[in-house]
1. Among (1) in a loop (DSSP other than H, G, I, E, B); (2) more than 19 Å from G16 (Cα to Cα), which single condition is D154 missing?
2. Which pairs turn up if I take residues in segment 1-17 that are at pLDDT below 95 and look for partners that are open to solvent by 10 Å² or more (accessible area, probe 1.4 Å) with beta carbon separation below 8 Å, at least 6 apart in sequence or on another chain?
3. Test each condition in (1) open to solvent by 40 Å² or more (accessible area, probe 1.4 Å); (2) in contact (Cβ under 8 Å) with a residue 40 or more places away in the chain for R157 and report the one that comes out false.
4. Being over 18 Å from the mean Cα position of the chain (by Cα), open to solvent by 20 Å² or more (accessible area, probe 1.4 Å) and more than 17 Å from T375 (Cα to Cα) narrows it down to one of G282, G266, so name that one.
5. Only one residue in F182, F258 is in a strand (DSSP E or B), over 30 Å from A319 (Cβ atoms) and aromatic (F, W, Y). Which one?
6. Considering only residues that are open to solvent by less than 40 Å² (accessible area, probe 1.4 Å), farther than 29 Å from S307 by Cβ and not in a loop (DSSP other than H, G, I, E, B), which ones fall in segment 122-144?
7. For segment 218-234, check the following and say yes or no: at least one residue is without any contact (Cβ under 8 Å) to a residue 60 or more places away in the chain, of a type in the set (A, V, I, L, M) and farther than 30 Å from F365 by Cβ.
8. For the list (1) under 30 Å from F196 (Cβ atoms); (2) open to solvent by 10 Å² or more (accessible area, probe 1.4 Å), I need the number of the one condition that A291 fails.
Amino acid sequence: MKTDFDVIIVGGGPVGLLLACLLKKQGLRIRVLEKRTQPIPHSAAIGITPPSLHILNKLGLTSEFIDAGLKVRDCFVHGQSGLLGCMTFRDIPDEHRFILALPQVTTIAILQKHLGAEFIETGCEVSEVRQSDDHCVVRDGDRELTARYVIACDGSRSRVREWIGMKAPAHAYDLHFLMGDFIDRTGFGEEAHLFFTSTGSVESFPLPGGQRRWIVQTDTRLDQPPKGLVSELTRLRTGLDVPVADQVNESVFTPRRFNCDRYYDGRVILCGDAAHGMSPIGGQGMNTGFADAEFLAEVLSHGDPCSLLPAYSRFRRKAAKTAIFRAEWGMWLGTWRGRKLSILRDAILKFLLCQGPIARRMGPFYAMLTIPFNTLARVPQASLKPRTV
């Protein structure tokens, strides 16, 4: 059947836009349908890891991303007893020896510019996706668009995932966080600082433009937090003064995890947060989605994509499973409360992770260099041939 497009991508976030850019490079007819008409009001995901920078290099965008962001090379870890040590990325086995700090809104802007406005439609309310043996139909308002494949990049609450009935057993953590970006007056520069105290955690990451993100653990979910709470909890737990007047934005989140049983159903494919969800603590979610996009772009440029979808689902589910576990482990350790647990955590962080024999592995660990199949180059090439699937 002659279709309007080869691929329709539902969702114009970082993962959907990266996938669109990669497919455009392959010469496919694409269209991105995005619900939002305005940029997100906060910076959301901010950490881009070395494997993702290698993926962006396929588009010639690595230098532009690096120029727009900050290179975080050192992460200082503070406990109840004071400074415990420093986790560094300066000697990780990669040419990019840092985590790039870049607001998600900037990531989206760069990818939109590279893709081109003619490939993106905003304000789209996709209300239905249905498929047959050789094509899919997407309903947006009163019109219907056809495509050979539909990709769900519409986030962790994916409507497309619901429409195809894909199971995504989820577990919500009883942990809650409040975050805000502030004008940075700390003098920390490009350093990240983590504070783990008996009353809750505080995390601090640099941002371009002289700003810094602060994330504080709260007792309950606060959809309408009191004004100045980020500043107050930061002062009580770290002793640092983060003026309320310097706050730029604010958002809340309660992490949860899920990993879909399968990442496709016929010609409808899940990618990024639509396929898997994890705690944002550790910054692995968007980067896992970037690797999904790279793999899927290779699959969709093949002569018979359907024959390779089982491989896509198998390899990307395994990578997501590892990332989910790591994000959960880091969040679990960092959110211990009480004096006794804080003393135990201080010992673990100081003598094992920051200064002990395992310390050298922490940089590659958090840089996602040890995630299985973190780029397409690490996927066995035989698995990308239809006869082996």
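The values are calculated or read from the model by the stated rules, or taken from the named source; none is laboratory data. A quick note: this is a predicted structure, and the numbers were derived from the prediction, not measured. When we count neighbours, we look across all protein chains shown, and the Cβ atoms used for this are built from the backbone with ideal geometry, even at glycine. With ligands, DNA and RNA removed, areas are computed over all heavy atoms of the protein, side chains included. Shrake-Rupley method; radii C 1.70, N 1.55, O 1.52, S 1.80 Å.
1. (2)
2. Qualifying pairs under 8 Å: M1/D134; M1/H135; M1/T146.
3. (2)
4. G266 is the lone residue from the list that is over 18 Å from the mean Cα position of the chain (by Cα), open to solvent by 20 Å² or more (accessible area, probe 1.4 Å) and more than 17 Å from T375 (Cα to Cα).
5. Of F182, F258, the one residue that is in a strand (DSSP E or B), over 30 Å from A319 (Cβ atoms) and aromatic (F, W, Y) is F182.
6. D140
7. Scanning segment 218-234 turns up at least one residue that is without any contact (Cβ under 8 Å) to a residue 60 or more places away in the chain, of a type in the set (A, V, I, L, M) and farther than 30 Å from F365 by Cβ.
8. Among (1) under 30 Å from F196 (Cβ atoms); (2) open to solvent by 10 Å² or more (accessible area, probe 1.4 Å), the lone unmet condition for A291 is (2).
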